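Only one structure is covered here, and it is reproduced in the block below.
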Amino acid sequence: VALCTDVPGFPLTPRNLAAALHPAIGADPIESDVKTALATLEAEDRVRETDEGYQLQSPEQKDWEKTRRGIDMKPGDASRGC
């Protein structure tokens, strides 16, 4: 993910990452392994999934995500869309 982050026109989807990491034409598909690795990295707050594919988490984004998860939403907030 880190090596492909700034490659224009290359969204970091599991399929694209699997294609970039594929070892040989005759090798077995690795997309399921890539999805598993991305899920692990996402759980560790190292990457996050966006509309454009996966991105590395900056330290600021990690802190924001942890803070956001720690905020309890009240029933009234949910109905107001806050």
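The values are calculated or read from the model by the stated rules, or taken from the named source; none is laboratory data. Every value quoted in this text rests on a predicted model; they were computed, and no experiment measured them. When we count neighbours, we look across all protein chains shown, and the Cβ atoms used for this are built from the backbone with ideal geometry, even at glycine. All accessible areas refer to the heavy atoms of the entire protein, side chains included, with ligands and DNA or RNA removed. Shrake-Rupley method; radii C 1.70, N 1.55, O 1.52, S 1.80 Å.
Could you order ASP51, ASP45, ASP33, ASP28 by accessible surface area, starting with the largest, using a probe radius of 1.4 Å?
In descending accessible area the options line up as ASP51, ASP28, ASP33, ASP45.
Sort LEU21, LEU41 by accessible area with a 1.4 Å probe, largest first.
Ranked from most to least accessible, the order is LEU21, LEU41.
In region 13-58, which GluC sites (Glu not before Pro) are in a loop and have at most 12 other Cβ atoms within 10 Å, using DSSP for the loop call?
Those that pass, being in a loop and sparsely packed, are GLU44, GLU52.
Under a Cβ-only charge scheme (Lys and Arg +1, Asp and Glu -1), can you give me the dipole magnitude of region 1-56 about the Cα centre, in debye to the nearest 20?
About 120 debye.
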